[in-house]
There are 2 protein chains.
Amino acid sequence: MATIYEVSALAGVSLATVSRVINGSGRVSEKTSKKVRAAIQTLDYRPSSAAKSLASNRTDSVGVLVSEFHGPFYGAMMSGIESELRAKSKHGIFAAGHSDEISEKEGIEFLIDRSCDALILHVEAVSDAYLIELSKGKTPFVLINRFIPELADICISLNNDLGGHMAAHAMLDAGHTHIAYISGPLWKNDSRDRLHGFKNALEKALVPFDEGLLFEGDYHEESGRQGLLNFVKNKKKFTAVACANDEMASGVYKAARELGLTLPEDLSVVGFDHSIFASYLYPQLSSVNYPIGRMGKMAARLVLRNIYKALIKDIKHEFEPELISHDSIAQPK
Amino acid sequence: MATIYEVSALAGVSLATVSRVINGSGRVSEKTSKKVRAAIQTLDYRPSSAAKSLASNRTDSVGVLVSEFHGPFYGAMMSGIESELRAKSKHGIFAAGHSDEISEKEGIEFLIDRSCDALILHVEAVSDAYLIELSKGKTPFVLINRFIPELADICISLNNDLGGHMAAHAMLDAGHTHIAYISGPLWKNDSRDRLHGFKNALEKALVPFDEGLLFEGDYHEESGRQGLLNFVKNKKKFTAVACANDEMASGVYKAARELGLTLPEDLSVVGFDHSIFASYLYPQLSSVNYPIGRMGKMAARLVLRNIYKALIKDIKHEFEPELISHDSIAQPK
DNA sequence: TTGTACGCGTTATCAT
DNA sequence: ATGATAACGCGTACAA
């Protein structure tokens, strides 16, 4: 592999000049620049990223911690981050945190040890205190899907409360008054916010909420199924069920079929996230959209601006959900 | 950040010794080693990965090119790769190739410029010749989901031909003799292999295949829908349809419902990949399993063994598909 | 505008 | 077993 020395020799200039034309730093005459570029061409010279990092103290890499690689959710987020970074010649190093405190901390340590210039974190299990402490460290980061008042300027979050509102109103507007709710794990912030928004919307509409129609799931399909079976077992009356994500809504579909219910006539369902597979379900699932791809892009842009001093305007910290209507909501019989 | 100099000073030993302790290379007395470790602890010393890379000419990073980040397929693959690499303190740099020749080449260039120690490539659009040429270059790589005779020892592939066989037999065994096939793009190797296996199985079973019952889709849902509508429009007789992936099978479900068909009584369907959402469909989709997660792990293990000299046995180059039976196949009426 | 010289924090090759 | 020292390839003040 050719080095910058060979290039400078061939071009008949000093290596400082070569460095300048490569990085566009400092003034270089067009003539010299041309010679240098020619030399780079003929030698097929590629700068050593290691040497560059050592000298500049930057790696051009951004560590990204997601909960999981699979599933429709994080893929969209990673995709948004990667394309945005790559356009600026940076790259992402992705690691999984598995929604587990130990594992998330290990992941963060791993990425810091990789000497990433910055991190983008989608963490659920570590505490606010831990993150506030982390923010005092050397590696800057951005949080996605999380809001911590003390770190507001590095948070990219969804208005989950509003999302809960929308789920409730999707049902209220169709005339439902007995609406069950299958929540995510209540130790997660987003789960609590969605539920809060949901209850709040009912309250404002003067529709009482029966706590017996609340089931705490785990965001996986089977817990959605269990939730519906549970309501039925307890002989609850309800004509609609809102789910805190689409997987659980799919579980509700399954349980409904087991019970011989026809969707959406016998039961209206609304999901959350508007995952890619919402449209694979039958009837196609109405769902509150979570623009995670755009949020991933925004997180990358925030890093690009804060760390790499890219000229980026239009930074936005909070995103709004939106109801995507399909065929899973009918009027109550 | 503490450097190795400070550690050596505090421990009262030379640089070389510290380096030896860290990397476990060369003999070091237990006593010295202890002193060094203590110094590392108190200084909270972390080796600089850049300096390490520069001196050792390794980055401990593996570039991974996938077609897309989203969707159920690549997530499982990336997940397998990441966990396997991280266990050995290596990391993946992921990039997307979008199944497009230019874009795939750019992605490969990008990863090489990142000075990855090796690459894991899931490429569809670049030619065999290009890859053979690439193999003569400096950066070693492994191919996933592709078999090139000249590069057999760096290929991890699925027996797609056998998969096609299985899809055909799922139908034949249920008694179907008029079986349509919705293929992926025929410029892709896996599409061709699956189709070939499918036709071959029919032939062996002495069931003639009507070319009018072949439709070339693009692996996306809508093309599956188009395929089925196309067969019907042409007044073809068939009782079953095999799809080259699950997305297109989902499209077939949609078209079937539009046509008022009841699944699986009026039409049996089999998919390919056994994506996570195969079970979200109703009726749950029978599908030929593609163990992409395990294949990703295997690709990582191959890199670990070949490049990083890890002691790994049980390398396997070809994986076998497997029919996962659910509820989408019935006997013909 | 261009060149010189030093520093970045390791690994690895010699000696000792 | 341990230490001294030369690479590794580039960025960047500082000079010229």
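How many residues does segment A:26-64 contain that are in contact (Cβ under 8 Å) with a residue 24 or more places away in the chain and assigned to a helix (DSSP H, G or I)?
Number of matching residues: 8.
Filter segment A:221-247 down to the residues that are open to solvent by 30 Å² or more (accessible area, probe 1.4 Å) and either touching an Asp or Glu at 6+ places or on another chain (Cβ under 6 Å) or among the aromatic types (Phe, Trp, Tyr) (or both) and list them by number.
Those that are open to solvent by 30 Å² or more (accessible area, probe 1.4 Å) and either touching an Asp or Glu at 6+ places or on another chain (Cβ under 6 Å) or among the aromatic types (Phe, Trp, Tyr) (or both): A:GLU221, A:PHE238, A:GLU247.
With the condition kept exactly as written, say whether any residue in segment B:91-100 is more than 10 Å from every other protein chain (Cβ to nearest Cβ) and either hydrophobic (A, V, I, L, M, F, W, C) or free of Cβ contacts under 8 Å to residues at least 24 places away in the same chain (or both).
no
Consider segment B:256-293. How many of its residues are away from chain A (no Cβ under 12 Å) and within 24 Å of B:LEU195 (Cα to Cα)?
Of the residues in that region, 15 qualify.
With respect to A:SER19, is the statement that it is in a helix (DSSP H, G or I) and open to solvent by less than 40 Å² (accessible area, probe 1.4 Å) true?
When the stated conditions are applied, A:SER19 does not pass them.
Considering only segment B:1-16, state which residues are hydrophobic (A, V, I, L, M, F, W, C), at pLDDT 90 or above and in a loop (DSSP other than H, G, I, E, B).
The answer is B:VAL13, and nothing else.
Pairs needed: first member in segment B:1-12, closer than 11 Å to B:ARG46 by Cβ; second member anywhere, within 12 Å of DNA strand D (Cβ to nearest atom) and of a type in the set (S, T, N, Q); C-beta distance under 7 Å; at least 6 residues apart or different chains.
B:ILE4/B:SER19
Among the residues of segment B:54-101, how many are surrounded by 23 or more Cβ atoms within 10 Å (Cβ to Cβ) and within 16 Å of DNA strand D (Cβ to nearest atom)?
Residues meeting the conditions: 1.
Taking into account only those residues within segment B:2-16 that are open to solvent by 50 Å² or more (accessible area, probe 1.4 Å) and more than 19 Å from B:SER56 (Cβ to Cβ), which is nearest to DNA strand D (Cβ to nearest atom)?
Filtering segment B:2-16 for residues that are open to solvent by 50 Å² or more (accessible area, probe 1.4 Å) and more than 19 Å from B:SER56 (Cβ to Cβ), the one nearest to DNA strand D (Cβ to nearest atom) comes out as B:GLY12.
With B:SER33, B:SER49 as the choices, which residue is more than 9 Å from chain A (Cβ to nearest Cβ) and either more than 12 Å from DNA strand C (Cβ to nearest atom) or buried (at least 17 other Cβ atoms within 10 Å of the Cβ) (or both)?
Exactly one residue qualifies, and that residue is B:SER33.
The values are calculated or read from the model by the stated rules, or taken from the named source; none is laboratory data. Since the model is a prediction, treat every value here as computed from it, not as a measurement. Note that we place each Cβ from the backbone using ideal geometry, even for glycine, and neighbour counts take in every protein chain shown. The protein model used for the area step is the full one, side chains on, heavy atoms only, and it has no ligands, DNA or RNA in it. Shrake-Rupley method; radii C 1.70, N 1.55, O 1.52, S 1.80 Å.
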